[in-house]
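Accompanying notes for the structure given below.
Read-outs throughout are calculated quantities, based only on the coordinates presented, and are distinct from any laboratory measurement. All of these numbers come straight from a predicted model, not from anything done at the bench. Methodologically, a virtual Cβ is constructed for each residue, glycine included, from the backbone with ideal geometry; neighbour enumeration extends over all protein chains shown.
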Amino acid sequence: MTLSTSDPRTQLLRLGSSTLCDAELLAVLMGTGRPLCTATGLGHILLDEFNGLPGVLDASVPQLMQVRGVGLGKAAAIKSVLSLAGRYEQAPLLAGRPVTDAASAERFLRQRLGGRPQEVFAVMFLNSRHQLLRFEELFAGSVDRAQVYPREVLRRSLSYNAAALVLAHNHPSGNPEPSASDVQLTERLKRLLAEVDVRLLDHLVIGRGRAVSLAERGLL
């Protein structure tokens with residue numbers, strides 16, 4: 001394996017982050033390598049150890065620290081990336097930008113639910129302008145199922161005076177394809193919410209790196 005000998009920080013400043021490979025971006029985060037191994041080399045080692053960038057970012061701090069040369073500071077820097085990216089993605093909606101399509105909701109929801117080890121059912125409560133009133137994780141379950149109580153979804157909608165909802169849940173397996181029970185639950189909630197004039201805009205199933213919108217699939 002040929003490792004880059006250039007300074008990735010200098011390359012980032014001169015040419016932009018898009019010119020850096022995953023190992024070089026990790027090197028920028030970590031700052032230094034270990035004896036006889038550059039920061040970029042250590043980045044390659046991490047990518048090999050955890051089978052790619054998703055594995056590195058999903059690894060816990062103790063897991064990262066098991067790699068020689070990765071101390072608490074380096075592990076903490078790596079783990080902070082997803083949180084910073086998530087806050088960046090969420091900022092427009094939290095600042096009042098309307099949810100205009102599945103993509104705008106997906107960016108928000110993937111950061112909240114992506115990579116969770118158990119299935120979580122959550123709701124975005126929106127006002128009449130489709131601005132976010134509140135986001136709540138209402139139910140959590142096992143690795144493949146969360147028990148959802150429609151009456152509780154209805155109760156929370158009324159308590160926040162929501163005009164519209166976006167439902168979401170994750171599939172810890174990473175496959176976001178909706179199941180038959182997902183479609184049935186969505187239909188039941190849509191009927192229930194319509195009785196109190198609350199519109200169900202979408203139900204997104206969050207997988208690894210992507211999501212499926214039931215509205216876009218014509219299942220809503």
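Please report the equivalent ellipsoid semi-axes of the stretch 92-220, computed as sqrt(5 x eigenvalue) of the Cα gyration tensor, largest first, in whole Å.
20, 17, 13
Relative contact order for the chain using alpha-carbon pairs under 8 Å, separation at least 6, rounded to a whole percent?
Computed value for the chain: 14 percent relative contact order.
Over the stretch 149-208, what number does the Rg to Rh ratio reach, with both radii from the alpha-carbon atoms and Rh per Kirkwood?
Ratio value, two decimals: 1.01.
Give the separation of the Cα centroids, the stretch 182-220 to the stretch 48-103, in Å.
28
Going by the alpha-carbon gyration tensor, a ≥ b ≥ c the square roots of its eigenvalues, is the stretch 69-150 rounded (a/c under 1.5) or, if a/c is not under 1.5, prolate (a/b greater than b/c) versus oblate?
It is oblate, given that a/c is not under 1.5 and a/b is not larger than b/c.
Using Cα-only point scatterers and the Debye equation, what is log10 of I(q)/I(0) for the stretch 8-86 at each q in 0.18, 0.21, 0.23, 0.25 Å⁻¹, rounded to two decimals?
-0.67, -0.92, -1.09, -1.27
Let me know the charge dipole size of the stretch 8-86 about its Cα centre in debye, to the nearest 20, where only the beta-carbon of Lys, Arg (+1) and Asp, Glu (-1) is charged.
280
Please list, in chain and number order, the residues 5+ apart from Leu133 or on another chain whose amide H is under 5 Å from its amide H, with Hs placed from the backbone.
It is Phe125, Leu126, Asn127, by chain and number.
Arrange the following residues from fewest to most other Cβ atoms within 10 Å of their Cβ: Phe125, Phe50.
Final ranking by Cβ density, sparse to dense: Phe50, Phe125.
Hey, fewest Cβ within 10 Å first, where do Val153, Val120, Val183 land in order?
Fewest-to-most ranking of Val153, Val120, Val183: Val183, Val120, Val153.
Which angle from 0 to 90°, rounded to the nearest 10, does the C-alpha axis of helix 39-49 make with the longest principal axis of the chain?
50
For the stretch 94-104, take each phi angle, set θ = phi - 60°, evaluate the Karplus expression 6.51 cos²θ - 1.76 cosθ + 1.60, and give the result in whole Hz per residue in order, putting x for glycine and proline.
Working through the residues one at a time gives 5, 8, x, 5, x, 7, 9, 7, 5, 5, 5 Hz.
Looking only at Gly43, Gly16, Gly96, which one moves most when the chain is put into a Gaussian network model with springs between Cα atoms under 10 Å?
In the Gaussian network model the winner is Gly16.
Please find, in a Gaussian network model of the chain (springs between Cα atoms separated by less than 10 Å), the residue of Arg14, Arg208, Arg110 whose mean-square fluctuation is greatest.
Sorting by GNM fluctuation, first place goes to Arg14.
Rounded to a whole number, what is D in µm²/s for the chain from Stokes-Einstein with the Kirkwood radius over alpha-carbon pairs (25 °C, 0.890 mPa s)?
D, rounded to a whole number, is 127 µm²/s.
Let me have the 222 nm mean residue ellipticity of the chain computed from DSSP H runs of 4+ only, each contributing -39500 (n - 2.57), with the sum over all residues rounded to the nearest 500.
-13500 deg cm²/dmol
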